[in-house]
Amino acid sequence: MNTKKILGIFICMLVLTMIPVTAGATTQPEPESSDIGWTTIQGFLLTAARPINGGALLEFRCLFVHYIAQGLGQRTTGFRYGGQLMVIPNTFRGVLMPHMVLGYCIGQLEI
């Protein structure tokens, strides 16, 4: 084969591989946390829940709160009391009143 034809084919292949890259087709999505497990929360609050981090999280101080975090292979249980701070995601499902919490979150919380 002619050297110019081989060079032309090589350049065409380079151009064809650059089209998806310039269009952004090869960008990877942001990594997300796994939705394996759940966390149940129940108890009484000292302060009403307020949004933080642009509304992605809810923060409140606990009077006496019991939580159970169930993951893939481990289970963590515990209490928060005496004004300790607790942060939960805004995907919380359940009752979240100014002085009472009762519900669950998908995914295991980092407690």
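Some observations on this one:
- Computed accessible area, Ile68, all protein chains, 1.4 angstrom probe, square angstrom: 40
- Sparsely packed loop sites in segment 77-111 (the chymotrypsin sites (Phe, Trp or Tyr not before Pro) outside DSSP H, G, I, E and B with at most 13 other Cβ atoms within 10 Å) do not occur.
- Neighbour net charge for His66 - beta-carbon separation under 15 angstrom, K R +1, D E -1: +2
- In nm, spacing of pseudo-spin labels at Met18 and Arg75 (7 Å Cα→C-beta vector): 5.9
- Karplus-derived 3J(HN,Hα), 6.51/-1.76/1.60, for each residue of segment 98-107, Hz, glycine and proline x: x, 10, 8, 9, 7, x, 9, 10, 6, x
The values are calculated or read from the model by the stated rules, or taken from the named source; none is laboratory data. Keep in mind that this is a model prediction, so the values were computed, not measured. We place every Cβ from the backbone using ideal geometry, glycine too, and count neighbours over all the protein chains shown. Surface areas here come from the heavy atoms of the whole protein model, side chains and all, with no ligands, DNA or RNA. Shrake-Rupley method; radii C 1.70, N 1.55, O 1.52, S 1.80 Å.
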